[in-house]
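S.K.: Have a look at the structure that comes next, please.
Here, each number is a calculation from the coordinates, and none is a lab measurement. Since the model is a prediction, treat every value here as computed from it, not as a measurement. Cβ placement follows ideal geometry from the backbone for every residue including glycine, while neighbour counts extend to all protein chains displayed.
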2 protein chains.
Amino acid sequence: MTPQAAYDELVRRSRERSLLVSCIELLGWDELTYMPRGGVENRSRQMAYLAGLYHDAVTDPRQGELLSIVAASSLVDDPTGPAAVNLRGWRRVYERMSCQPKSLVEELARATTTAQQVWTTARQNESFAEFRPWLEQVLALVRQQGECLRSVGRIVNPSYADSIYDALMQDYEPGASVPQLEKLFSALRPELARLLDAIRGAKRRTSGAILRRDYPLDRQKIFGETVSAALGFDFDCGRLDTTTHPFFSPIGPGDSRVTTRYNQNDFGEAFFGLLHEVGHGLYEQGLEAEHYGTPLGESSSLGVHEALARLWENGVGRSLPFWRHFFPQARELFHQALHDVEAEEFYAAVNHVRPGVNRVRADEATYDLHILLRFELERALLSGDLAPTDLPGAWNEKYRDYLGVTPANDAEGCLQDGHWSAGQFGYFPTYTLGNIYAAQLLASARATLGDLSGQFACGQFATFNDWLRERLYRHGQRYPAAKLIENATGQPLDHRPLVEALRIKYGELYGI
Amino acid sequence: MTPQAAYDELVRRSRERSLLVSCIELLGWDELTYMPRGGVENRSRQMAYLAGLYHDAVTDPRQGELLSIVAASSLVDDPTGPAAVNLRGWRRVYERMSCQPKSLVEELARATTTAQQVWTTARQNESFAEFRPWLEQVLALVRQQGECLRSVGRIVNPSYADSIYDALMQDYEPGASVPQLEKLFSALRPELARLLDAIRGAKRRTSGAILRRDYPLDRQKIFGETVSAALGFDFDCGRLDTTTHPFFSPIGPGDSRVTTRYNQNDFGEAFFGLLHEVGHGLYEQGLEAEHYGTPLGESSSLGVHEALARLWENGVGRSLPFWRHFFPQARELFHQALHDVEAEEFYAAVNHVRPGVNRVRADEATYDLHILLRFELERALLSGDLAPTDLPGAWNEKYRDYLGVTPANDAEGCLQDGHWSAGQFGYFPTYTLGNIYAAQLLASARATLGDLSGQFACGQFATFNDWLRERLYRHGQRYPAAKLIENATGQPLDHRPLVEALRIKYGELYGI
């Protein structure tokens, strides 16, 4: 078999797997939007069946043979050429899936399915004790998984001998490492603490009260769709629906779906949630359709995905120029709530800082502190330095230390997120990496695109989105995430643009 | 391998194929309800991929081996026991799929995909000439398919040596035959002609004008959902959405979805379309969930499915007792349109007879004439007695002959239905079979359930639906359709209950 024939077969297999994933995405989207509740049992069977087909396809020994043929050929001489890029992506998945015994994969699937159900109930009952045995079980399995993945790391890269956490993290942010993150986060934390202290000590006060006035739901939907379209989200190739926990679903090329959740007395909940998902959507809509179904046509990492989401949600959607443009429309639609409000006041309200116990509802100034403490806690859990039974205490202590607040109970505390019940250890850092990438991207766009604020204030977002497409979207997985951001911005990974952006924004708002 | 082990593997395979079909159903439902138009290319790739997986699963030689083991065993001694019923269903599909060369299946899929697109455009352009070459191509392929299927008929039943049309029809109404249908339909036609003549000559006139008043869309939806729930449709295990061409989609157990299309100035379009789909839905919701994924848990035939749809749409929904109960609610919801109307007038309006050129919009008195002429035309096309180029002329002549009307153009004439472009020759008779079955069922229910009209007039439909569940739904494919209806009603296949029901209804309405 010629290397070219092997490569062609790999492409065909890759595209077929993508069709399977696309089906899984649609089933998942439907489950969370329109499926009647009676359909849940059939849906879980469908999901398990498709997941099984996917696993078989990905670990098929034939896949390994084809990968070896291409790896040994001149097709991959150019490390940024399609064949080399795709081979890296395929190999990563193949090696990582193949190294895990099928029994472990199945046990993890079973344990995390139950653990997630138990977690839901435990959270409702505000009882960590109910969840603890399942956390222990998931941890034990994830440790085994991490050990398998470490060995793969050594095969792919002989110098790789890092922790289980490093190994697990590669599923979410390929190329990231604990030492790199520790360095980055330990530089970030004191800066965020200083900023928070300054805001706390500021004489000037802000308030988010005007966001809790009456915002009719149907108008929220109109406003959200209008803004999304203005930012560049193509509704011919996507749609917006309502759900309980907002998410983005990349069904396939030409079909990217965002969801949100409306609250009549909280303008921010649906609107910024929507902008966040639209950020994910713009990334997927900007991938190269011709490479769909291969790593070259797929998003780079969770961190980069999150960067785009946070960029549009915060960098654009919580900026003053954005509201200078959109506030008049908002005031027309929400006349009762906003007739006595000015754009600047609204801008201050959407940036009101209040340290709290909840990650998802956190403002820009405190959000990363929620992540930093989770990064420490989950490493301690994995290494065994922190026993699950001691988690609630450790959690609450860190919240006092980092944010000066204390959860009223475990539901508000260490049970608030579902990642651990799903076995996703190593996922949390991608949120803060996303914020750091986003700030680097915005700073670089400002430096190269002229008066970006002026453009936003005129409702012009196309130049910025085109710049992102050119530098980011269209490259798919051509580069590891950190390299992609470095190429796009001309700067290596750096926490300072994020700190700088926060200092400027809150400096003006709070007079600090 | 023991017969029991073979049977168990067949059940497992059958359930897996059902999960695939369930995915295909959901993708199809989404395509016609919510999918953004940009998603069409990816969707067709997903569909082709899943269809390929289904075809491979169904024609897997292993399937044939397992079927032979079970067929030769004592497991199938009881012809109405689960093993025998399932074996018959599996074998029919296996033999019919396996006998067709893969090249033919692929060519048919390609040709009908294009033919359906061409048909859509040709209809828009009112040009049969555009569609003719594709009809010829589809006909040639369907003839080949019919030849393959005939040979299978001979294998399964050595005395079977019937026409290509007989062979094709087994996909839609297993067990039906051309001689049987000819006998039935030739008895039915003069009765329908006599009835239509009498209505035409009646002194008393009816009108459907009140149905074309102003019916606000949101209230149509409320009324439709209220009635559907009252008839027994379980919205915890189903839902209602809007689409262009209403359809029913059996996603899986606990998940049956109906759709309809609203027209503010045509009450009947959404409402009776919905009752029709709800009839399909009640059947699927009444199948035995424990047998889901095997023939014993699947609907019997298209004719039986159509019978349930027509039974609830016409037998129930176009009856006077039904409107005695629901009209007061309708008048409250549609006060502007109906404040000066009485239940009896409304009942007369929903039963207004007007011979027309369109099958889908036809009233109960003329509907079957549309089917009977299609049954004749499609057999003539298949046999070669009618050349495609002569179809428009033959079509229009039959419409003059059967219904006394002439289509203004081919779009209103022989291009109105998509069945032939999809290669579905032998499908049309199931509509009239459905009407015949429905009338037999209603007559039998009246004879056994006491005052059925009285129950309907009190809004009680549960006894009737339970009767259908007991006699029909729960049997799945235990019996061939005709035998199932005979068991349910105690009478062999008979056109007279349909004629009798129409005579009574229109006799009263038109004073004939």
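S.K.: Do you know which residues across the range B:183-237 are without any contact (Cβ under 8 Å) to a residue 24 or more places away in the chain and among the polar types (S, T, N, Q)?
M.R.: Passing the criteria: only B:SER186.
S.K.: Could you identify the single residue in B:ARG88, B:ARG132 that is over 25 Å from the mean Cα position of the chain (by Cα), surrounded by 17 or more Cβ atoms within 10 Å (Cβ to Cβ) and basic (Lys, Arg)?
M.R.: B:ARG132
S.K.: Would you call A:GLN491 surrounded by fewer than 19 Cβ atoms within 10 Å (Cβ to Cβ) and over 30 Å from A:ALA109 (Cα atoms)?
M.R.: yes
S.K.: Now, a different point. Would you point out the residue of the range A:53-80, among those that are surrounded by 14 or more Cβ atoms within 10 Å (Cβ to Cβ) and within 14 Å of chain B (Cβ to nearest Cβ), that is farthest from B:ARG17 (Cα to Cα)?
M.R.: The residue in question is A:ALA57.
S.K.: A:THR406 - would you say it is crowded, with 21+ Cβ neighbours inside 10 Å and touching a Gly at 6+ places or on another chain (Cβ under 9 Å)?
M.R.: no
S.K.: Hey, A:GLU41 hits all of (1) out of contact with any Leu (no Cβ under 7 Å at 6 or more places or on another chain); (2) within 14 Å of another protein chain (Cβ to nearest Cβ); (3) crowded, with 16+ Cβ neighbours inside 10 Å; (4) not polar (S, T, N, Q) but one; which does it fall short on?
M.R.: Condition not satisfied by A:GLU41: (3).
S.K.: For the range A:31-44, enumerate the residues that are in a helix (DSSP H, G or I) and within 27 Å of the chain's Cα centre (by Cα).
M.R.: A:GLU31, A:LEU32, A:THR33, A:VAL40, A:ARG43, A:SER44
S.K.: Between B:ASP166, B:ASP197, which is more than 22 Å from B:SER249 (Cβ to Cβ) and in contact with a Phe, Trp or Tyr (Cβ under 9 Å, 6 or more places away or on another chain)?
M.R.: B:ASP166
S.K.: Does A:ALA307 satisfy being under 22 Å from the mean Cα position of the chain (by Cα), of a type in the set (A, V, I, L, M, F, W, C) and in a helix (DSSP H, G or I)?
M.R.: yes
S.K.: In the range A:316-339, what count of residues is obtained for those that are outside any helix (DSSP H, G or I) and touching a residue at least 40 places away in the same chain (Cβ under 8 Å)?
M.R.: Count: 4.
S.K.: Okay, moving on. Against the definition (away from chain A (no Cβ under 13 Å) and either over 20 Å from B:VAL316 (Cβ atoms) or among the hydrophobic types (A, V, I, L, M, F, W, C) (or both)), how does B:GLU269 come out, yes or no?
M.R.: No: the conditions fail for B:GLU269.
S.K.: Any chance the range A:17-37 includes a residue that's away from chain B (no Cβ under 14 Å) and in contact with a helix residue (DSSP H, G or I) (Cβ under 8 Å, 6 or more places away or on another chain)?
M.R.: Within the range A:17-37 (the criterion being away from chain B (no Cβ under 14 Å) and in contact with a helix residue (DSSP H, G or I) (Cβ under 8 Å, 6 or more places away or on another chain)), the answer is no, since none of the residues qualifies.
S.K.: Still on this model: Here is a list of conditions, (1) over 30 Å from B:PHE131 (Cβ atoms); (2) out of contact with any Asp or Glu (no Cβ under 9 Å at 6 or more places or on another chain); (3) not β-branched (Val, Ile, Thr), and B:ALA422 meets all of them except one; can you say which number that is?
M.R.: It is condition (1) that B:ALA422 fails.
S.K.: Now a separate question. Quickly run through the range A:183-225 and pick out the residues that are surrounded by 14 or more Cβ atoms within 10 Å (Cβ to Cβ) and farther than 28 Å from A:PRO497 by Cβ.
M.R.: The answer is A:ILE210, A:ARG212, A:ARG213, A:TYR215, A:PRO216, A:ARG219, A:GLN220, A:LYS221, A:PHE223, A:GLY224, A:GLU225.
S.K.: For B:ARG359, all conditions in the list (1) closer than 30 Å to B:PRO407 by Cα; (2) crowded, with 20+ Cβ neighbours inside 10 Å; (3) within 17 Å of the chain's Cα centre (by Cα); (4) charged (D, E, K, R) hold save one; what is the number of the exception?
M.R.: It is condition (2) that B:ARG359 fails.
S.K.: Keeping to the range A:355-392, report how many residues are over 25 Å from A:GLU500 (Cα atoms) and assigned to a helix (DSSP H, G or I).
M.R.: So the answer is 12.
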